[in-house]
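Trainee: Before I ask anything, let me first share the structure, which is written out below as C-alpha cells.
The values are calculated or read from the model by the stated rules, or taken from the named source; none is laboratory data. Note that this is a predicted model, so its numbers are computed, not measured. As a convention, Cβ positions derive from the backbone with ideal geometry for all residues, glycine included, and neighbour counts pool all protein chains shown.
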Amino acid sequence: MPYETVVPPITPYRRMMIFVDGENIAQRFEALVEAGRTPRADTFHRSKALAWHPSYTHLATIGHHDVIRATIYASLVGSDDDRRKLHRELRQLTFANNQVGRLPNNLAAEVFARDKKTQRSKGVDIKLTVDALAHGTAGNFDTALILTGDGDFVPLVEQLQRAGKQVYIAAFSSGFSERLQAMADAVHVLDGTAFDPV
C-alpha cells in the first residue's frame, strides 16, 4: 500500500486595515511624558498631532494578518504649508506588518486644520469613522486595528462587529476607555512600545 502524502492546510491571511486617531495617541502620550515616562529615542512625536512607533501595530504581525492600508488622522494648528509638511512627514513613517507581507508599509495620512483654541479637530473623528465604516461595509477588510483610547469610538466598534468584522484596539493606558477595552476583540496597551522601561 503506497504512503499517502498529507499536506497541511494553508492558513489564509486575514485582511487588516489600521485606523489611527493621531490626536488621541498624541495627547495620551504627552500625558504619560508629563507623568514622568521617558520616550524611546526612536519615537516620532509632533505635539498634539501624533506620537508614533512602528511597533504600535504589532497586532498586525500575529493572527495571520496582511495589512492593506494604515491611515493616520491628525490635525495641526498652522498654515496650509505646515499641514502639507506634516502630511509628508507622516507618509514617511512605517508600520509593523506580517513578515511575509508583500504590500508597502508606509502610512497614509489625513491632516486637518485645528483651531488653536481647541484640543481636537472634529474632522479627525468623523473621517476615521466614515472611512472605517465605508471600508468595513464594502468588505475591504476582515479585521480593523483602531489606535485610540477614546470611548467615543464604542459605537464604531459595535457597528463593525455587527458587520462581522473583528476589531482590535491599541492605546496608551492614560485615559484608555474601559468600555472600549471591553468591546474590543483584542486589546494592546502601547506604553511598553513607546517608552523606556520603568
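Trainee: Condition (residue is at pLDDT 90 or above, charged (D, E, K, R), in a strand (DSSP E or B) and buried (at least 21 other Cβ atoms within 10 Å of the Cβ)) applied to region 17-28: is it met by at least one residue?
Mentor: Yes, region 17-28 contains at least one residue that is at pLDDT 90 or above, charged (D, E, K, R), in a strand (DSSP E or B) and buried (at least 21 other Cβ atoms within 10 Å of the Cβ).
Trainee: Tell me, which residue of region 118-139 that is polar (S, T, N, Q) and either modelled with pLDDT of 95 or more or not in a loop (DSSP other than H, G, I, E, B) (or both) is farthest from residue 107 (Cα to Cα)?
Mentor: Only one residue fits best here, namely 137.
Trainee: Kindly indicate which of 36, 78 is modelled with pLDDT under 90 and either surrounded by fewer than 17 Cβ atoms within 10 Å (Cβ to Cβ) or under 24 Å from residue 167 (Cβ atoms) (or both).
Mentor: Just a single option satisfies the conditions, and that option is 78.
Trainee: With the checklist (1) in contact with a Leu (Cβ under 7 Å, 6 or more places away or on another chain); (2) at positive phi in hand, flag the one item residue 64 doesn't pass.
Mentor: It fails just one condition, (1).
Results for (1) modelled with pLDDT of 95 or more; (2) among the small types (Gly, Ala, Ser); (3) surrounded by 13 or more Cβ atoms within 10 Å (Cβ to Cβ), shown as yes or no for each residue.
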{"residue": "148", "(1), (2), (3)": "yes, no, yes"}
{"residue": "155", "(1), (2), (3)": "yes, no, no"}
{"residue": "160", "(1), (2), (3)": "yes, no, yes"}
{"residue": "165", "(1), (2), (3)": "yes, no, yes"}
{"residue": "179", "(1), (2), (3)": "yes, no, no"}
{"residue": "189", "(1), (2), (3)": "no, no, yes"}
{"residue": "192", "(1), (2), (3)": "no, yes, yes"}
{"residue": "196", "(1), (2), (3)": "no, no, no"}
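Trainee: Name every residue in region 59-91 that is in a helix (DSSP H, G or I) and in contact with a strand residue (DSSP E or B) (Cβ under 7 Å, 6 or more places away or on another chain), in order of residue number.
Mentor: 59, 60, 82, 83, 86, 87, 90, 91, listed by residue number.
Trainee: Quick one: residue 110 ticks every box in (1) surrounded by 14 or more Cβ atoms within 10 Å (Cβ to Cβ); (2) over 23 Å from residue 52 (Cα atoms) bar one, so which box is it?
Mentor: (2)
Trainee: Give just the number: which of (1) assigned to a loop (DSSP other than H, G, I, E, B); (2) at pLDDT 90 or above does residue 45 not satisfy?
Mentor: (1)
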